[in-house]
1. Could you run through segment 33-48 and say how many residues are buried (at least 17 other Cβ atoms within 10 Å of the Cβ) and either modelled with pLDDT of 95 or more or more than 23 Å from residue 199 (Cα to Cα) (or both)?
2. Quick one: residue 118 ticks every box in (1) in a loop (DSSP other than H, G, I, E, B); (2) under 16 Å from residue 83 (Cβ atoms); (3) not acidic (Asp, Glu) except a single one, so which number is it?
3. Residues of segment 116-150 being among the hydroxyl-bearing types (Ser, Thr, Tyr) and touching a Pro at 6+ places or on another chain (Cβ under 8 Å), which ones?
4. Are any of the residues in segment 131-152 part of a loop (DSSP other than H, G, I, E, B) and over 26 Å from residue 246 (Cβ atoms)?
5. Can you confirm whether residue 92 is among the polar types (S, T, N, Q) and farther than 20 Å from residue 178 by Cα?
6. Looking at segment 179-221 only, could you name the residues that are out of contact with any Phe, Trp or Tyr (no Cβ under 8 Å at 6 or more places or on another chain), in a helix (DSSP H, G or I) and under 16 Å from residue 238 (Cβ atoms)?
7. Return the residues of segment 170-199 that are small (Gly, Ala, Ser) and farther than 21 Å from residue 224 by Cβ; say none if nothing qualifies.
8. When residues of segment 213-254 are filtered for being exposed (fewer than 12 other Cβ atoms within 10 Å of the Cβ) and in contact with a helix residue (DSSP H, G or I) (Cβ under 6 Å, 6 or more places away or on another chain), how many remain?
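The values are calculated or read from the model by the stated rules, or taken from the named source; none is laboratory data. Everything numeric here is computed off the predicted structure, so don't read it as measured data. All Cβ positions, even for glycine, are placed from backbone atoms using ideal geometry, and neighbour counts span all protein chains on display.
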Amino acid sequence: MKKIVFSLLIIFNALSFYYSQGRTKIKDLELPKITKQDNEVVRHLGYTLSYNEKHEQANWVAYVLTAAKVVKTVKRSNHFCIDEAVSSGSATEDDYKNSGYDRGHLAPAGDMEWNEQAMEESFYYSNMSPQVPAFNRGIWKHLEELVRQWAKENQTIYIVTGPVLKGDLSTIGPDNVSVPHYYYKVILDYTEPELKGIGFIIPNASSQKPLQDYAVTIDSVEKVTGIDFFSALPDQQERTIEKNLCIACWSWTSTTN
């Protein structure tokens, strides 16, 4: 009897440890559910992307950002280049040249300052999208800085970013790169004690509004994009996290550049 009790105790302790640790160790937790619209999924060191050949940009980019990765160890690259890993061919410099739009990062270079290769790969054209300069250098940059602050405060966060590739979109360049009307970002904090998520949908335009005005539930972003985010979560947790929006659960003053 003692052996049975002892064995059960070992199993209980092992399961308790597994579940307490597993919440931050679900494999590929940052990746959305892969569907037919994900023409080609490409993995780089710092992020994974789903490339949309029709629109010549990513449907989404996904990555994990930790407090350790926010510590700057390499300089910004600024070397924009074709992504040779995209089999159909990515957009090129000619697509953006004299277009009036910025080559806007989806996975920010500022989130890749922890590794030289990750920094270089953040400048692939597969990670770019045509952004209005005042948007890219304004409210979008502010959100990126705030997300880095959240990584410091929450230790580990899971991020998915992309353009909303719907509606009647104009194009630029010889490869007809679509110009999105909106961009989205969803963030998951899956570290105890406070599990939470938040989404943003922001127009590709200049804005002086506070970021809180663009905050929405992750469910709302899913409805707009058709993308199933954080599908690796246990079903009940996914439903709870993605339907709730707690503005007060996040800080809104960035001290990270």
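1. Count: 5.
2. So the condition that residue 118 fails would be (1).
3. 122, 129, listed by residue number.
4. yes
5. On the way: among the polar types (S, T, N, Q): yes; farther than 20 Å from residue 178 by Cα: no.
No: the conditions fail for residue 92.
6. Kept after step one, since they are out of contact with any Phe, Trp or Tyr (no Cβ under 8 Å at 6 or more places or on another chain), are these residues of segment 179-221: 180-182, 191-195, 208-209, 213, 217, 219-220.
Keeping just the survivors that are in a helix (DSSP H, G or I) gives 213, 219-220.
Those that are out of contact with any Phe, Trp or Tyr (no Cβ under 8 Å at 6 or more places or on another chain), in a helix (DSSP H, G or I) and under 16 Å from residue 238 (Cβ atoms): 219, 220.
7. Of all residues in segment 170-199, those small (Gly, Ala, Ser) come to 170, 173, 178, 197, 199.
Listed by number, the list holds a single entry, 173.
8. Residues meeting the conditions: 1.
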